[in-house]
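Written out below as structure tokens is the structure these notes cover.
Nothing in this text is a laboratory measurement; each read-out follows from the coordinates by a stated rule. Note that this is a predicted model, so its numbers are computed, not measured. Neighbour counts run over all protein chains shown; Cβ positions are idealised from the backbone, glycine included.
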């Protein structure tokens with residue numbers, strides 16, 4: 001399965017991307033996480049349904065110092081995940 005998330009709240013400048021990367025890598029998901037210009041965090045993850053459910057629970061909990069107000073999610077076709085590698089932070093130095 002491939003799922004796209006948009007996470008809204010206080011999720012930039014609080015270590016949220018690193019938190020998501022660590023959680024997703026521990027679960028064994030493929031994909032990426034990145035900040036958006038509008039202040040949200042965008043996540044694209046590929047894995048099994050139970051793995052994605054575990055990631056979603058982590059996203060809702062958030063990192064220390066973050067506040068998750070809303071998560072919008074969409075399932076994508078499996079082909080969207082074909083090019084995804086190990087879970088990484090996009091746009092980080």
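Figures for the structure shown
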item: Residue 89-residue 69 pseudo-label distance in nm [points 7 Å out on the Cα-to-Cβ vector]; result: 2.3 nm
item: Spin-label model distance (nm) - residue 34 vs residue 49, 7 Å beyond Cα toward Cβ; result: 3.0 nm
item: Fraction of antiparallel bridges per DSSP, the chain only, in percent to nearest 5; result: 90 percent
item: Convex hull of Cα atoms in segment 2-88, direction-averaged projection (nm²); result: 5.0 nm²
item: Estimated inter-spin distance, residue 56 and residue 76, nm [label 7 Å along Cα→Cβ]; result: 1.7 nm
item: Protection-proxy order for peptides 14-24, 60-70, 41-51, 76-86, each taking the mean of Cβ atoms within 10 Å per residue, highest first; result: 14-24, 41-51, 60-70, 76-86
